[in-house]
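Here the structure comes first, spelled out in structure tokens, and everything after it is commentary.
Throughout, read-outs are computed from the coordinates displayed, never taken from laboratory work. Please read all numbers here as calculations on a predicted model, not as lab measurements. When we count neighbours, we look across all protein chains shown, and the Cβ atoms used for this are built from the backbone with ideal geometry, even at glycine.
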């Protein structure tokens, strides 16, 4: 920004007749660039194509939700969820619960009182119990872009391939954070009772769940289809009547769909110059509307951007 | 908690035959009390009855939203909103915009492109321009309960009569925070262009708006009616077709309604022992489900509880 103002000042010295334009240029120079401007200037190699083995298509009557699994953090859960999807386990189940300012949850009904007993379903070779995977040992293999602005709940926060992550060097652990749009694995009291057949997306304040549940991934496309649903009228936002539940038409692994039928999905690399510029613009936001910049940016306040292109354009 | 474990241990010593029960008691003793248990134990004088001059009833086809204005922070905006409501300015307008993970906005259409031009409407004596009131000078008159756990964006945070507040002793200012459920005043680029005829409720990550807009109050009842709406398909979540917009039947000031028709609203005092216990339970949460406590609680993560009783029970 200093450099741009300097250039505007130089222009004023060299071309005093352009005073008005130069003042406008100086005004623009004081404005932080918008996110859309920064994204338009990004380079193709700053975008990552997720592995289709890690992409789930959750088909609802209202449209398609695309989720990226995070096997770097929760490999056993990712494998089990893939197995369940390939056994068509989710097809015909529904969204059971939308608790305001917390989560939307779908899949295995928790209890017959939730409307219907879980009929025996094909689970393929999916396990019924998994090690918790609430945290994982810190290592140097997973990509890491630290965020220097701090966090209330984790000693250190940052991003790994677009996923928001917390770290604790004392315990030597790292974990995915319950930010908006993250997908977790519901369970009973037993920490090993989650199998991936019941999942939730974070639609509100849910950081209290961090390190208490396995986080399986992130919604890349279609969050409004999960967040914009009527809230459930029962305890914890469970729907009490069958016709309130949104049916799940199918959950498929992208790798199982012909390439030409898959939308082209790109996720901005969180270790890219453009993502760094987005973070900076959020911290220092100043333009015609915003006069007071926050000075910092929270790890849950800036999701890694996603581009969805038409199919056949890989 | 220490005390309760000690009592359980004493019980074990005195009545060894009760070993099983005592072990269960010790288990319970290690559990933090649930929010519902703490609220059930609260005392009547820990609850505040909001001034009916500060309560707005926003009537939608789906039900009633109740908003508490915060004249301690934004008095000129509170007065103008009351005047507009009393002129029936809002009646027949609609919810114009629902931007996912950000805000739901209603009232004056921003632009004819938003579907229809704002027809001339009765505004009573409401002003068309107001001083910003984005922050106010710190003073010792407004109630204040500091939260010691810190915040990413404000030097100090706490609560004032249930409203989440940021403070900066250096600038000598304090301001209402854009937490979930807070209600702000939409405006154009001109900081004085907000008049309270267009309002928004925070449904997502909106702390970046802090100190850039006037915050008029908080939704006490009915947030799901604003947060559970389909997201708008246009730029910034504006609806592009008239039939997507939720109509506003009326906005009324509670003081203008006969007492017997008003629901009894109580807000837990944020300087009460029960609210302090709720904060502590959130920090230290440990029970059959939660094994890892967050250790802290964010100012936006724990809204002051509200009780809505039937009318006629004041």
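Order of A:290, B:153 from fewest to most other C-beta atoms within 10 Å?
A:290, B:153
Using only C-alpha atoms and all pairs of different ones, pull out the Kirkwood radius for the protein assembly as shown in Å with one decimal.
26.4
Per residue, how big is the convex hull around the C-alpha atoms of chain A? Give it to me in cubic angstrom, could you?
162
Compute the long axis of helix B:273-283 from its Cα atoms, compare it with the longest principal axis of the Cα atoms of chain B, and write down the angle in degrees, 0 to 90, nearest 10.
Approximately 80 degrees, to the nearest 10.
Can you put B:104, A:34, A:272 in order of Cβ neighbours within 10 angstrom, beginning with the fewest? Show your work: numbers first, answer last.
On the way: B:104 27, A:34 13, A:272 18.
In order of increasing Cβ crowding within 10 Å: A:34, A:272, B:104.
Give the shape of segment B:220-314 as rounded, prolate or oblate, defined through the alpha-carbon gyration tensor: a ≥ b ≥ c are the square roots of its eigenvalues, a/c under 1.5 means rounded, and otherwise the shape is prolate if a/b is larger than b/c and oblate if not.
Details: a/c = 3.12, a/b = 1.28, b/c = 2.43.
Since a/c reaches 1.5 but b/c is at least a/b, the shape of segment B:220-314 is classed as oblate.
Working from Cα positions, state the angle (0 to 90°, nearest 10) between the long axis of helix A:19-30 and the longest principal axis of chain A.
Result, in degrees: 30.
Can you give me the Cα centroid spacing of segment A:261-314 and segment A:129-197 in angstrom?
Computed from Cα coordinates, the inter-centre distance equals 21 Å.
FRET efficiency for residue B:242 and residue B:41, Cβ-Cβ distance as r, R0 = 35 Å, nearest 0.05?
Computed FRET efficiency for residue B:242 and residue B:41: 0.10.
Angle check, please: helix A:2-14 long axis (alpha carbons) against the longest principal axis of chain A (alpha carbons), in degrees 0 to 90, nearest 10.
30
How much length is gained if the chain between residue B:280 and residue B:292 is pulled fully straight, taking 0.36 nm per residue apart and subtracting their Cα-Cα distance, in nm to one decimal?
Taking residue B:280 through residue B:292 to full extension adds about 2.9 nm, to one decimal.
Between A:302, A:203, A:67, which gets the highest mean-square fluctuation from a Gaussian network model of chain A, Cα cutoff 10 Å?
Among A:302, A:203, A:67, the largest GNM mean-square fluctuation belongs to A:302.
Give me A:45, A:280 ranked fewest to most by other Cβ atoms within 10 Å of their Cβ, as a rough exposure proxy.
On the way: A:45 8, A:280 15.
Ranking A:45, A:280 by Cβ neighbours within 10 Å, fewest first, gives A:45, A:280.
Return a whole-number percent for the relative contact order of chain B, with Cα pairs under 8 Å and 6 or more residues apart as the contact set.
Relative contact order, chain B: 26 percent.
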